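Chemist: Once you've had a glance at the structure underneath, I'll fire off some questions.
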Amino acid sequence: LTHNQIEMGFFQPASVGVVWLIVGAAGGMGQAGRGVDAVGSAGWRVAGLGVAGTALFGVSAWNAVSLAGHAGAMSGADAALRRGDLPLAVSRLAEAQDAAGLDTTALRWRVRLHAIEPMGPLVAAGRSAEARRRVDEALRWIDSALAGPRKPLTTLRLRAQVLELASQRFGGAGDFAAAEAAYAVLAERSPYNVADAWVRAELARRAGDDAAARQRYERVLELREQKYLDAADPLAPEQLERARVFLSGSG
């Protein structure tokens with residue numbers, strides 16, 4: 001059995017850890033009855049390397065399978081999109097999302113295709129109920145991804161973006177409140193993000209809270225000034241103009 005296992009080690013990489021386990025165990029057992037001296041300890045240490053090697057190979061193999069599953073799912077989503085099969089693309093993205101741990105990119109595209117992109121056309125076509133259902137489903141997916149101890153900032157921002165867009169499309173008081181709460185969380189986690197600060201200012205303006213809007217637009221311009229070393233302006237020209245017009249009292 002030992003001979004066969006050693007021979008297999010030359011041809012099957014997965015068995016190498018077992019080979020070291022056998023060799024180390026044999027070395028350790030050879031010292032049985034003589035006390036645990038340096039040679040015996042060394043033998044068992046080699047056996048330990050075999051166990052560790054086997055475990056590491058198992059983890060690596062699992063990761064390889066997971067990555068392969070992720071790549072296959074993403075490829076399937078791409079192919080479905082090229083065919084215009086959005087439901088299948090969303091389904092394949094769901095597979096990719098959890099195939100190798102939380103993939104925030106797959107989640108973002110899943111939400112975008114299922115809820116963000118269709119929201120405006122559905123509302124314009126008088127199908128607000130369907131648009132709302134899709135938004136609620138997307139939020140459940142996001143909240144599920146945020147249920148664990150790890151709460152990626154990109155996923156929190158995705159949630160806030162969905163709620164802010166819903167506040168634009170549906171215009172309910174509850175929609176504004178939910179978006180406001182989501183962006184308040186972002187302000188705590190990422191207080192120097194100009195884009196987030198801009199959305200908060202816009203939310204206050206659309207809600208008719210001019211005092212809060214003024215304070216937030218001033219914060220936007222302050223943050224923008226702090227980014228003077230950035231190659232690109234964090235605000236688009238029309239955004240900068242809107243903030244200045246509002247603060248001048250003309251907005």
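Only the coordinates and a few stated rules stand behind these numbers; no lab work does. All of these numbers come straight from a predicted model, not from anything done at the bench. A quick note on method: Cβ atoms are made from the backbone with ideal geometry, for glycine too, and the neighbour counts reach across all protein chains shown.
Chemist: Using beta carbons and a limit of 8 Å, which pairs, at least six apart or on different chains, have the first residue in segment 234-251 and surrounded by 12 or more Cβ atoms within 10 Å (Cβ to Cβ) and the second one of a type in the set (Gly, Ala, Ser)?
Modeler: Pro234/Ala195; Leu235/Ala243; Arg242/Gly251; Ala243/Ala201; Val245/Gly251; Phe246/Ala213
Chemist: Among (1) of a type in the set (Ser, Thr, Tyr); (2) under 23 Å from Lys151 (Cα atoms); (3) buried (at least 16 other Cβ atoms within 10 Å of the Cβ), there is one condition Tyr217 misses while meeting the rest; what is its number?
Modeler: Tyr217 satisfies every listed condition except (2).
Chemist: Suppose the filter is part of a helix (DSSP H, G or I), in contact (Cβ under 8 Å) with a residue 24 or more places away in the chain and under 16 Å from the mean Cα position of the chain (by Cα); does Trp198 pass it?
Modeler: Taking the combined requirement at face value, the residue does not satisfy it.
Chemist: Identify, from the list Ala160, Ala166, the residue that is in contact with a Phe, Trp or Tyr (Cβ under 7 Å, 6 or more places away or on another chain) and in a helix (DSSP H, G or I).
Modeler: Ala160
Chemist: Let me ask something additional. Here are some conditions: (1) part of a helix (DSSP H, G or I); (2) closer than 30 Å to Tyr192 by Cβ; (3) over 12 Å from the mean Cα position of the chain (by Cα). Gln97 meets all but one. Which one does it not meet?
Modeler: (3)
Chemist: Output the qualifying pairs, or none if there are none: Cβ atoms under 6 angstrom, residues six or more apart or on different chains, first residue in segment 76-97 and closer than 16 Å to Pro118 by Cα, second residue among the small types (Gly, Ala, Ser).
Modeler: Leu81/Ala89; Leu88/Ala80; Ala89/Ala77; Ala89/Ala80
Chemist: What pairs come out if I take residues in segment 154-165 that are free of Cβ contacts under 8 Å to residues at least 60 places away in the same chain and under 12 Å from Val111 (Cβ atoms) and pair them with residues that are surrounded by fewer than 20 Cβ atoms within 10 Å (Cβ to Cβ) and charged (D, E, K, R) whose C-beta lies under 6 Å away, six or more apart or interchain?
Modeler: Filtered contacts from segment 154-165: Leu158/Arg108.
Chemist: Would you pick out the residues in segment 169-180 that are under 19 Å from Arg216 (Cα atoms) and in contact (Cβ under 8 Å) with a residue 12 or more places away in the chain?
Modeler: Matches in segment 169-180: Phe176, Ala178, Ala179, Glu180.
Chemist: Among the residues of segment 104-121, is any part of a helix (DSSP H, G or I), farther than 27 Å from Asn193 by Cα and of a type in the set (S, T, N, Q)?
Modeler: The answer is no; no qualifying residue exists.
Chemist: Sticking with this one: Pairs, please: C-beta under 6 Å, at least 6 apart or cross-chain, first residue touching a residue at least 12 places away in the same chain (Cβ under 8 Å) and in segment 112-129, second of a type in the set (D, E, K, R)?
Modeler: His114/Arg134; Ala115/Arg134; Met119/Arg169; Leu122/Glu130; Val123/Arg169
Chemist: Among the residues of segment 178-194, are any assigned to a loop (DSSP other than H, G, I, E, B), surrounded by 13 or more Cβ atoms within 10 Å (Cβ to Cβ) and under 20 Å from the mean Cα position of the chain (by Cα)?
Modeler: Checking segment 178-194: at least one residue is assigned to a loop (DSSP other than H, G, I, E, B), surrounded by 13 or more Cβ atoms within 10 Å (Cβ to Cβ) and under 20 Å from the mean Cα position of the chain (by Cα).
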